[in-house]
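Data block below; observations after.
The values are calculated or read from the model by the stated rules, or taken from the named source; none is laboratory data. What you see is a predicted model, and the numbers here were worked out from it, not measured in a lab. Cβ coordinates were reconstructed from backbone atoms using ideal geometry, including for glycine residues, and neighbour counts include every protein chain displayed.
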Amino acid sequence: MEKAIELVINPSELGAGTRGSALGPYAVLYAGRKRNSSLFYKLSSVVIPNNNELLDQPINYLSAKRINGVCEVYDKVMGQMKQSLSTSSTVLVLSGDHSSATATIAGIRNKYPEKKLGVVWVDAHADIHSPYTTPSGNIHGMSLGAALGIDNKNNQINNPKENVIKKWNWMKKLGPKSTHLIKPEDIIYIGLRDIEKQEETLISSLNIKTIETSEFQKSGALKIAEEVEHYFKDYDLLYISFDVDSMDPMDSSFGTGTPFKNGILVKDAKILLGEFAKSEKLKCLEIVEINPLLDTKNKMGEIGFSLLENCIKNILEKQKVPLN
């Protein structure tokens, strides 16, 4: 019998520039336990083994730091996603950093190769760099670049080494029949506000739909959810990738590696994700970049639990499955 939900915990932080996001999924679990919640006891869950010991080794490639380890994580995430989607109608993912979102998308696409997948990227950052354009070399800034299969050499600032190019080319072709995972029209950005010029030029040229924070605040979370639903009306499946830095740190927390001002309010994020959870098209919701080492009293973990709990409630209500 198919399960309503499976929770996948992916504590990898190889793609981040700041240490601590590997603890993010556990910060959410801790927040639930602190409230004496039995939510996670009632859910089927699995933990993906990480390669974070590689963080203790020297960095070999500045244009794509720890890319060999990231590719190993990708293999694990893709395999687990395909397995989880075979036994569950919806998969919820708690990840460390945002780099392996490419592999989450790959798992969905390879499980449903004939289905149209829409990607909602809720984030302060575009994450559409490549080893050719990245200023930092951190792969969590390349997730969508890899999923789209784009080098963006028109804005090149780096000359990647041969091994980096080889690994990057593998990352770009994880889709069915070794194709790119998604197209620009398959993406909606929500909350972008900290974008490098290389990304801004590319997003404009690709005409990727972008809902800025100012538009979000003006229209309200419910209206934005409706707009997303209408945009993807001809799609079969939805993947929601929620980076907690999409939220305003003054309202939420600074417990994330790259906080940026003037983001989404927590209450609006809860409404937005809650509405997505009601959609029959939702296959996967992923929450990333919670970093309790940068936090005070696990505030972002508490927020993450609240967001996840509300989504689970709505998913189960939609499927007419009792929570208790």
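Okay, here's what the table says:
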| read-out | value |
| --- | --- |
| Residue check for K283: in contact (Cβ under 8 Å) with a residue 40 or more places away in the chain, outside any helix (DSSP H, G or I) and among the basic types (K, R) | yes |
| Only listed residue being more than 19 Å from V244 (Cβ to Cβ), buried (at least 17 other Cβ atoms within 10 Å of the Cβ) and within 16 Å of the chain's Cα centre (by Cα), chosen from T90, T104 | T90 |
| Of all residues making up segment 240-268, the number that are closer than 28 Å to K183 by Cβ, of a type outside the set (D, E, K, R) and touching a Ser or Thr at 6+ places or on another chain (Cβ under 7 Å) | 3 |
| Positions within segment 231-257 being part of a strand (DSSP E or B) and either modelled with pLDDT under 95 or out of contact with any Gly (no Cβ under 6 Å at 6 or more places or on another chain) (or both), in sequence order | L237, Y239, I240, S241, F242, D243 |
| Check on A146, at pLDDT 95 or above, of a type in the set (A, V, I, L, M), buried (at least 24 other Cβ atoms within 10 Å of the Cβ) and closer than 24 Å to M300 by Cβ | no |
| Output for segment 153-175, where each listed residue is touching a helix residue (DSSP H, G or I) at 6+ places or on another chain (Cβ under 6 Å) and farther than 17 Å from S100 by Cα | N155 |
| Residue within segment 288-303 that is at pLDDT 95 or above, of a type in the set (G, A, S) and in contact with a helix residue (DSSP H, G or I) (Cβ under 8 Å, 6 or more places away or on another chain) present | yes |
| Lone unmet requirement of (1) more than 23 Å from T256 (Cβ to Cβ); (2) crowded, with 16+ Cβ neighbours inside 10 Å for I139 | (1) |
| Number of positions in segment 186-230 that are of a type in the set (D, E), modelled with pLDDT of 95 or more and touching a Gly at 6+ places or on another chain (Cβ under 8 Å) | 1 |
